[in-house]
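Derivation of every value follows stated rules applied to the coordinates shown; laboratory data play no part. Keep in mind that this is a model prediction, so the values were computed, not measured. Here the Cβ is made from the backbone with ideal geometry for all residues, glycine too, and neighbour counts use every protein chain on show.
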Amino acid sequence: MAGARKSYERALEIDEKVYGPDHPNVATIVNNLGGVLRALGDLAGARKSYEQALEIDENVYGPDHPEVATDVNNLGLALQKMGDLESARENLEMSLEISRHFLGENTPPRNSRERTWNRSGDRILHHHDLAADPAGLGDPVELHPRKGIDQTQIHRLGPRE
């Protein structure tokens, strides 16, 4: 992972020079760097990276775009690992809402990831006790930008208070 960190930091340096600091390519690299930092246990660094990616993508795409949903999802994962479960839940719910807004409430799932996302999303939006009934929602999944939304990690946050 240390090699991945160096590679992403180098790629970030290059893309910021080529495209400028507010380009979507920079957001993608910063998001990926956040994933590496999270895996390395640098949760504060991961959070900072995800927040930077989120700021860029919101400025470029607006607040209701799938890229923003990815950033908010990954920020939620970092907050979860940091123990800030309320903020994590807020971010994960926001990611779900953005995705549903963009894809449509009644869009049928195209794959197993979306079917899982729909099951967990319905439970969150209806405030079910996810800790008591995970129903095979799976392990947490960090999203790589442009790969889609997967909310299976929400059940680990426990019941909504």
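Under the simplified labelling scheme, the residue 101-residue 84 pair shows an inter-label distance of 2.1 nm, with each label point 7 Å from Cα along Cα→Cβ. Taking other C-beta atoms within 10 angstrom as a stand-in for reagent exposure, 100, 10, 38 fall in the order 10, 100, 38, fewest first. When the square roots of the Cα gyration tensor eigenvalues are ordered a ≥ b ≥ c, the ratio a/c for region 1-114 is 1.5 or more and a/b does not exceed b/c, which makes its shape oblate.
Ordered by the number of other Cβ atoms lying within 10 Å of each residue's own Cβ, fewest first, 57, 22, 42, 15 fall into the sequence 22, 42, 15, 57.
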